[in-house]
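Beneath this line is the structure, given in structure tokens, with notes to follow.
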Amino acid sequence: MEQRNDYKINYARLIGPGLIWAAGLALIITFAPRTVYINRMVGLGFLALCIGTFLTLYVLYLEYDKTGNEWPAFLDEFFPNYPVIEDKNETMRRLSGFRKSCSDYLSKDREEENSSLQDHATQLMWHSIALQKKRMLKLGLTMEMDSVRRAYSGEGGFIREKKYFDGRYRVNDVYEEISAIRTFRKGGKIIGRIRDNEVAHFTLLSAKQIGANKIICPNCGNTTTRENLLDGCDYCSTKFTIEDLENRVDSFGLRRDFRTNVSKKEAVKEVMLPWADLILMLPLVYFGLIGAFVYMPGTNIFIRLFTGVLATGLFVLLGWCLRSMFLTMIAPILLLISNVSTSVNGKLIYSRKAEEEQERKMAERVRASDPYFSIQSFFGGIQNKLAAIHYAEFPAQINAFSENDMSSFIEKYRNVVDIDCQSMTMESYKTDKKLQTATVGVDLRLLELRGGRIKERNERLKMTMVKAAGCKTQAVCGVTVLKCGGCGASLSLMEGKTCQYCGRDLDLKRYDWVIAKYERSV
């Protein structure tokens with residue numbers, strides 16, 4: 001099983017519910033023998049017993065869910081238990097390895113020269129995460145991401161893959177159903193926890209292999225051997241490592257997903273009835289068992305036990321009858337609620353399907369001029385650029401992917417420590433002899449450090465993206481493939497698009513999409 005073995009179950013969290021339960025029992029023992037009636041203090045005691053039990057079950061659910069282990073069998077009756085899925089193939093191992101290396105990298109409170117993250121991510125992806133870490137170190141923060149793969153949609157639905165060739169790379173577009181907890185710490189103290197229980201989206205890139213040992217150079221498109229690329233491409237002299245050529249993560253994000261959301265809602269419906277039974281029966285069970293002991297103080301303990309069990313059975317039978325009558329009486333209301341819920345789910349599915357149809361139409365429009373265009377690869381590239389923009393500390397960094405000066409946004413994003421892309425749509429596309437132009441709408445959830453805590457803020461962006469008409473490349477694997485047109489030096493987009501040797505600016509739109517217009521609303 002793929003489990004977070006470094007996470008320990010925190011049984012200390014059961015102390016609070018346990019104290020509530022004990023306080024309730026103490027109230028009953030103290031005040032019940034004084035009267036044959038249930039006075040206010042006794043009633044408060046029974047209420048505390050029930051609340052303590054509910055909180056205990058809930059804490060057990062949360063703690064076992066965090067570890068990635070299966071929780072106790074009796075909890076299956078009250079909580080949807082989505083099984084943890086082990087790594088079954090190379091793709092799953094690659095996703096798990098990336099998530100773990102990303103967490104390890106961001107959880108350390110120091111810089112690292114050779115992080116294992118570099119073995120899983122493209123250079124551009126690694127650079128955006130490195131910028132995030134620089135931001136967190138500046139603010140004195142670390143972040144751990146405890147995550148496991150779960151089957152929300154049943155067997156076979158927890159991984160959705162789409163593979164294609166984009167002209168220079170083999171691309172694997174992957175949606176992975178996931179349970180993740182991001183824990184932010186400052187000075188060792190937890191200042192925020194974010195739970196994500198739907199999907200993680202990955203774009204993985206690999207050099208395309210032709211025949212037994214022929215590979216297409218991702219930089220210039222030359223067909224050559226793997227050995228030649230490791231020594232340096234004969235045409236463009238770009239050197240690669242083995243890892244550069246196989247399944248490097250080019251984009252990653254935790255997202256909402258309508259399929260997973262609907263599946264989980266259906267699973268939750270299945271446990272509503274057991275919870276209703278628990279809420280109704282638990283007070284009756286406590287009253288039957290404990291009542292016999294506290295209201296029959298002079299009776300033999302075995303008689304009290306027998307009486308308690310008998311009273312509990314009668315109370316539960318009465319409760320079951322009342323439950324059945326209650327469900328019969330409110331059946332029309334439940335039917336109405338179900339119809340409304342079904343309508344809402346239907347609208348959600350229809351809305352997402354409309355988005356998918358829009359994506360399909362826009363992709364077909366672009367592919368009329370660029371046969372290898374992938375809209376998911378396009379979105380992944382924008383996601384990396386937005387990460388670099390939100391974590392930028394200097395004008396050169398924030399302007400690396402833009403044709404306009406965006407320096408004014410540095411202060412607005414000064415405290416952003418993580419970014420979630422909730423949705424992204426291509427709204428229009430056109431091309432002429434010089435440029436391809438696309439407008440893109442993006443909904444982001446920003447996590448910021450405010451007042452010593454991690455706070456959420458939504459942001460809506462509308463961007464105009466441009467790229468040279470003759471550029472058909474969808475992915476830029478790493479900054480090592482970006483060469484200065486003046487002196488031939490490699491350019492690092494971590495430091496901006498200006499060559500440090502000759503001062504010449506890189507015309508990035510010859511290689512990739514760049515931002516021509518950036519409009520923001522909160």
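Suppose we keep only residues that are at pLDDT 75 or above and farther than 15 Å from Leu289 by Cα within segment 27-42. Which one would you say is surrounded by the fewest Cβ atoms within 10 Å (Cβ to Cβ)?
Result: Arg40.
Going through Tyr152, Tyr164 one at a time, which residue ends up being closer than 18 Å to Leu254 by Cβ, surrounded by 14 or more Cβ atoms within 10 Å (Cβ to Cβ) and modelled with pLDDT under 85? Let's see the steps before the verdict.
Working: Tyr164 fails: closer than 18 Å to Leu254 by Cβ.
Just a single option satisfies the conditions, and that option is Tyr152.
Examine segment 131-140 for a residue that is over 29 Å from Ser206 (Cα atoms), of a type in the set (D, E, K, R), modelled with pLDDT of 90 or more and crowded, with 16+ Cβ neighbours inside 10 Å, and state whether such a residue exists.
Filtering segment 131-140 for residues over 29 Å from Ser206 (Cα atoms) gives 135-140.
Applying the additional criterion that residues be of a type in the set (D, E, K, R) yields 135, 138.
Now drop any that are not modelled with pLDDT of 90 or more, which leaves 135, 138.
Subsequent filtering for residues that are crowded, with 16+ Cβ neighbours inside 10 Å retains 135.
Yes, the conditions are met somewhere in segment 131-140.
Can you find, within segment 375-414, the residue that is farthest from Glu456 (Cα to Cα) among those that are assigned to a loop (DSSP other than H, G, I, E, B) and charged (D, E, K, R)? Give the derivation first.
First, pick out the residues of segment 375-414 that are assigned to a loop (DSSP other than H, G, I, E, B): 392-394, 399-401, 403-408, 413-414.
When the remaining residues are screened for being charged (D, E, K, R), the result is 393, 403, 405, 414.
Values: Glu393: 21, Glu403: 29, Asp405: 27, Arg414: 14 Å.
The selected residue is Glu403.
Could you run through segment 95-128 and say how many residues are at pLDDT below 90 and assigned to a helix (DSSP H, G or I)?
Step one: of segment 95-128, the residues at pLDDT below 90 are 109-128.
Checking which are assigned to a helix (DSSP H, G or I) leaves us with 116-119, 123-128.
Counting residues in segment 95-128 that are at pLDDT below 90 and assigned to a helix (DSSP H, G or I) gives 10.
Scan Asn339, Asn384 and give me the residue that is at pLDDT below 80 and not hydrophobic (A, V, I, L, M, F, W, C). Steps first, answer last, please.
On the way: Asn384 fails: at pLDDT below 80.
Step by step, each of Asn339, Asn384 is checked, and only Asn339 is at pLDDT below 80 and not hydrophobic (A, V, I, L, M, F, W, C).
The values are calculated or read from the model by the stated rules, or taken from the named source; none is laboratory data. Just so you know, these numbers come straight off a predicted model, no measurement behind them. Methodologically, a virtual Cβ is constructed for each residue, glycine included, from the backbone with ideal geometry; neighbour enumeration extends over all protein chains shown.
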